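**Q** Sharing a structure here in structure tokens format.
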Amino acid sequence: MSKAAKLIYDGKEIELPLLTGTENEDAIDISKIRSETGLITLDKGYKNTGATTSKITYLDGEKGILRHRGYSIEELASKSSFTEVCYLLIYGELPTKDQLDNFEHEIRFHTLVHEDFKIILDGYPSKAHPMGVLSSLITSLTAFYPESLDPSRSRKLVDLSIVRILGKFPTFAAWSYKKRTGHPIIYPDNSLDYCSNFLKMMFALPSMEYEPNPVVTDALNKLLILHADHEQNCSTSTVRIVGSAQSSIYPSISAGINALWGPLHGGANQAVIEMLDTIMNDNNDVDKYIKKAKDKSDPFRLMGFGHRVYKNFDPRAKIIKKAADNVLDKLGVNDPVLELAKKLEKIALEDEYFIQKKLYPNVDFYSGIIYRALGFPPEMFTVMFAFGRLPGWISQWVEMRQNKEPLGRPRQIYLGETQRDYVDIKNR
Ligand code: CMC
């Protein structure tokens, strides 16, 4: 017998079918509520609304489980490379050696960007935040590859757009940083692997050779993997909703970058390090900031704490905390902020407010500390989150198009004025 829920409204009973996922999660299919009852559902912030069905990422917030295409985040972070995870997310299976070689070769082929991008970059003031620069450079790809705009695009064209954006994103990200520092841009070096190539474009100077450091490259691989996808979060839902209007992959991802930028989402990693620096400069007064975070009349929140779906622990945060210790140790970096972060975490985890509201450190709490140890300035932290999330956005956009999902268009309950007569300006 197929499962169903019943809705009784206005003396009428309607049956709503249940949909069960492969991990036994049940959902009520509400699509016929409006046609049968005239009602809409209201769920601000979509806190309990499934916007789609997906085969990409499974997440259990209560148990702290995160899996991509069935593989646990713990295994992927310890055993695979970022490009392997990109392939897995986008094409659904781990690549064979030949498939991976070919994929990496294709990406390498597209790392260079048109020289005219340098003119666009030149137009920005040097203090421009790299997230804003990055999102506009990604949208600008439509100007250079206008065929990507055709809504009837073939799979071959989509695959080409995918390797193009994967190839060019690190170049844009590094160049947006160079713009900010005023240093000359560095061109891609395709003799290097994906992560080392990016690191060279970030940190090399024309007067100085860049020697890839395996500790740094490994740490970057791990961090990117840990951010690779997170099912229907704010930026991914943005990518899907923009793509649902049949917009091309470039502006859809550019929209995702802008959504990620906000401090409640990916922008939290920059906010965490700024918060930790503030606490350190305020005599390490952790108690004062815990008190502020609990005070309803104070807008201050403990950045890097809490999550919309994780209500036990964030499995990515566990891995990152360990990685932070390891990277700082191997690089011989002594950042007092790591000790402060651990102290803050310990106090918060023992505090009734945080326990009761199920607020735990999230992925952003320790990632900034590693990025700082690797030489990244705080304004690049969210760019690094976007870099990691790129394959997730791509795979979600592709899945949404493949499933021919309808135009995303939520409804509302209107609470404004009812109809009234226009008043001439002289009489107002
Ligand atoms: N510090 C203090 N109080 C908090 C915090 C925090 N970091 N997070 C949530 N709360 C309180 C909040 O005030 C509310 O209290 P009350 O029920 O009394 O009104 C309660 O906990 C529930 O919070 P919410 O904002 O309704 O919950 P949410 O699921 O909408 O918020 C969140 C999730 C991530 C926006 C929020 O926890 C937050 O603002 N955290 C800080 C920013 C942050 O670290 N963001 C990164 C998230 S992880 C990266 C990503 O995937 O985007």
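The values are calculated or read from the model by the stated rules, or taken from the named source; none is laboratory data. Just so it is clear, the model here is predicted, and its values are computed rather than measured. Note that each Cβ is placed from the backbone with ideal geometry, even for glycine, and that neighbours are counted across all protein chains shown. Note: areas computed on protein heavy atoms with side chains; ligands, DNA, RNA excluded. Shrake-Rupley method; radii C 1.70, N 1.55, O 1.52, S 1.80 Å.
**Q** Return a whole-number percent for the relative contact order of the chain, with Cα pairs under 8 Å and 6 or more residues apart as the contact set.
**A** 20 percent.
**Q** On average, how much area does the Cα convex hull of region 166-217 cover when viewed from any direction, in nm²?
**A** That works out to 3.5 nm², a quarter of the Cα hull's surface.
**Q** Next question, about the same structure. For Cα pairs less than 8 Å apart in space and 6+ apart in sequence, what is the mean separation divided by the residue count of region 4-66, i.e. the relative contact order in percent?
**A** Rounded, it is 17 percent for region 4-66.
**Q** Which ³J(HN,Hα) values in Hz, rounded to whole numbers, follow from the phi angles of region 22-28 under the Karplus curve 6.51 cos²θ - 1.76 cosθ + 1.60, where θ = phi - 60° and Gly and Pro get x?
**A** Result, ordered by residue: 5, 9, 6, 7, 9, 9, 8 Hz.
**Q** If I compute solvent accessible area with a 1.4 Å probe over the protein chains, what percent of it on region 4-66 is carbon and sulfur?
**A** 48 percent
**Q** Filter the chain for me: DSSP H helices, axial length by Cα at least 30 angstrom, mean Kyte-Doolittle hydropathy not below -1.0. List them by residue number.
**A** Qualifying helices: 155-181, 381-402.
**Q** Can you put Tyr310, Tyr414 in order of accessible area, largest first, using a 1.4 Å probe?
**A** Ranked list, largest accessible area first: Tyr414, Tyr310.
**Q** Which percent of the accessible heavy-atom area of region 120-237 goes to carbon and sulfur, probe 1.4 angstrom?
**A** That fraction is 58 percent.
**Q** Something else about it: Given the rule -39500 (n - 2.57) for each run of at least 4 DSSP H residues, summed and divided by the residues of the chain, what is its mean residue ellipticity at 222 nm, to the nearest 500 deg cm²/dmol?
**A** Here the helix-only value at 222 nm equals -16500 deg cm²/dmol.
**Q** In units of 2.2 N^0.38 Å, what is the alpha-carbon radius of gyration of the chain?
**A** 1.07
**Q** Same structure, new question: Let a ≥ b ≥ c be the square roots of the eigenvalues of the Cα gyration tensor of region 96-200; is it rounded (a/c under 1.5), or, if not, prolate (a/b larger than b/c) or oblate?
**A** oblate
**Q** Here's another thing I want to ask about it. How much of His129 can a 1.4 Å solvent probe reach, expressed as accessible area in Å² and rounded to 10?
**A** 40 Å²
**Q** Radius of gyration and Dmax for region 177-256's Cα atoms, expressed in Å?
**A** Gyration radius and largest Cα-Cα distance of region 177-256: 16.5, 47 Å.
**Q** Among Lys296/Lys321; Lys47/Lys296; Lys291/Lys358, which pairs are too far apart, with a Cα-Cα distance over 25 Å?
**A** Checking Cα-Cα distances, Lys296/Lys321 exceed 25 Å.
**Q** Quote the accessible area belonging to Cys234 in square angstrom, nearest 10, computed with a 1.4 Å probe and with ligands, DNA and RNA left uncounted.
**A** Result for Cys234: roughly 70 Å² accessible.
**Q** With the other protein chains left in place, how much accessible area per residue, in square angstrom, belongs to region 72-405 at a 1.4 angstrom probe?
**A** Accessible surface, normalised per residue, equals 42 Å².
**Q** Could you pull the accessible area for Ser247 with a 1.4 Å probe, rounded to 10 Å²?
**A** 40 Å²
**Q** What's the longest piece of the chain with no exposed GluC sites (Glu not before Pro), counting a site as exposed if DSSP puts it in a loop and it has at most 13 other beta carbons within 10 Å?
**A** That would be 210-349.
**Q** Set the Förster distance to 51 Å, then compute FRET efficiency between Leu349 and Ile425 from the Cβ-Cβ distance, nearest 0.05.
**A** 0.30
**Q** Can you tally the net charge around Gly21? Count Lys and Arg as +1, Asp and Glu as -1, for every other residue whose Cβ sits under 12 Å from the Cβ of Gly21.
**A** Computed value for this residue: -4.
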